[in-house]
Each structure stands twice: as structure tokens, then as C-alpha cells.
Amino acid sequence: LLSMLGVGSVFFVAALLRGWAFLRLPLDYDEPVYLRAGFEYARALRAGDWNGVIDYTANREHPALVKLLYGLVMLVSGQDTTWAVGLYMTRALSAVLGTLAVLVLALFNPLAGGLLAVHTMAVKYTGQAYLEALPHLASLGAVLALVRSRPAGMERSRQVPDAWFWLSALALGVTAAGKYTYLPVVFVVLYLAFFVKHVKWYHLLLYFAVSVATFWLLNPTLWHEPVTRLYNSL
């Protein structure tokens, strides 16, 4: 009961601070870039122009997923959505994802979740229309799901990794599709896989195959000329 009260308190503080951030922080430097991408994606989706989504070239240094989510938010809000409304709707999405990241960590460790809840840079960048909130959540999920998993072979009746292992692989793919700069988390994943979980090498290959496939599926920019476009992005 005390643990759940602690998690609830951490969640409340995280939501309060991120809610304050998305309502009160001034327009930041790159927010118009991602808002513009969101409006362009919404326009293409509304017209059924799938090539317009796949071949969108602005801001190509970052993967498409978060900007595409912003586009879906603006699509749902209607054709007459203004920039001001779009800003607050996309900020609200970031704040929700940032708060969920705190909740996920707090369920694993309430103290760690509490520290993240009040981390000022985390509050700022998950309370604005930036790309941070989704890969922030997904990278935490990738690590914590792998911590929770049980390697194959620990029980005679189970020769394949459990669902937590594959959830971690999916989360790592979402991380890459959100923003490349969150990918150093792969070193934590490798440490856990080799030194803590003792994952078999062929299972680890399958893990990364699932991650790469998830990254590709969630990054429509790579559906045409994937090698060339990935090179240009990097």
C-alpha cells in the first residue's frame, strides 16, 4: 500500500510539472520545425497521399515517427487547426508520454521515478513539441522489460525467451524510430544481455532483428530507398 501511494504521488508530481510545462513554457527554438512537419503529414494523410508521407524530406535528420504522431493529432483535430492549437495539442501528447515514462520507472523503483519526475530537463523536453518524449519512454521500456525478462533455457519446458524479452526488442525499435540520439541505450541492453541475463547469441540476433524491423516499419521515410535515405539522415 505504501509503495502504491509512493508511485501515485510520483505520478501526480510528474503530471503536474509536465502539465505546467506544456501550458506555460514559451515557444522554443525547434518546435515550429516539428509543428510544420506535423501539419504537412496531416495534409498528406487527409488527402490520402501516402507517397507524400513516405517522401517528406524536411527535417530528414530525424526519423519520422514522432512527427507522424503529431500529424495524426492534427488530422484528428480537423483541417482548420491553428498553429496555436496545434502547439498545445502536440505539447499535451509529449506531456502524456513523458508522464508515462515516469510512471513506468516508478513502478520499477519509486525513488528513481521520483527523481525523474522532478528532473528539470526531462520536464522541459517532455512538455514541449519536441521529439524526446516517445524515445524517452521507449528506451526506459527497452531496459526495464529486459531486466524483467527471463532468459530461455532457465526452465526445461521453455526454450524461447519470454514476452518481456520481445517487448524489450520492440521498445528498442520504437526508440530508434523516435530519435537516433537515444540509441546509446543499446549499450545498456548489451550489458544486460551478456552479463546479467546470459542471453544466447542466436536469441540476441533475433532480438535485434525484431528491433530493426520495428524501426523500419515505424519510419515510413525508409520505405523508399532505405539505404540511401538512412545514409542521408545519418
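Give the accessible surface of segment 129-199 per residue, rounded to a whole number of Å², with probe radius 1.4 Å and ligands, DNA and RNA excluded. If you can, show how the numbers build up before the last one.
Details: 3290 Å² over 71 residues.
Result: 46 Å² per residue.
Available extension along the chain between TRP166 and THR82 is 26.2 nm, counting 0.36 nm per residue and deducting the alpha carbon span.
Of all complete DSSP H helices in the chain, those with a Cα span along the helix axis of 30 Å or greater and a mean Kyte-Doolittle hydropathy of 1.0 or more are 2-24, 83-108. With the simple model of a label 7 Å out from the Cα in the direction of the Cβ, GLN159 to LEU217 spans 2.6 nm.
The share of accessible area on segment 168-234 that comes from carbon and sulfur is 78 percent, using a 1.4 angstrom probe.
Provide GLU40, GLU132, GLU31, GLU61 ordered by accessible surface of protein heavy atoms (probe 1.4 Å), highest first.
Of GLU40, GLU132, GLU31, GLU61, the descending order of accessible area is GLU61, GLU40, GLU132, GLU31.
Modelled spin-label separation between TRP50 and VAL33, with each label point placed 7 Å from Cα along the Cα-to-Cβ direction: 3.0 nm.
Setting aside same-chain residues fewer than 8 positions from LYS67, which lysines have a Cα under 21 Å from its Cα? Those lysines meeting the cut-off are LYS124, LYS179. One entry in (i) 15.4; (ii) 14.4; (iii) 13.7 is mean projected area of the Cα convex hull in nm² calculated from the shown coordinates; its label is (ii). Heavy-atom accessible surface of segment 56-109, averaged per residue, reaches 46 Å², computed with a 1.4 Å probe.
The values are calculated or read from the model by the stated rules, or taken from the named source; none is laboratory data. Because the structure is a prediction, the values reported are computed rather than measured. Backbone-built Cβ (ideal geometry, glycine too); neighbour counts: all protein chains shown. Note: areas computed on protein heavy atoms with side chains; ligands, DNA, RNA excluded. Shrake-Rupley method; radii C 1.70, N 1.55, O 1.52, S 1.80 Å.
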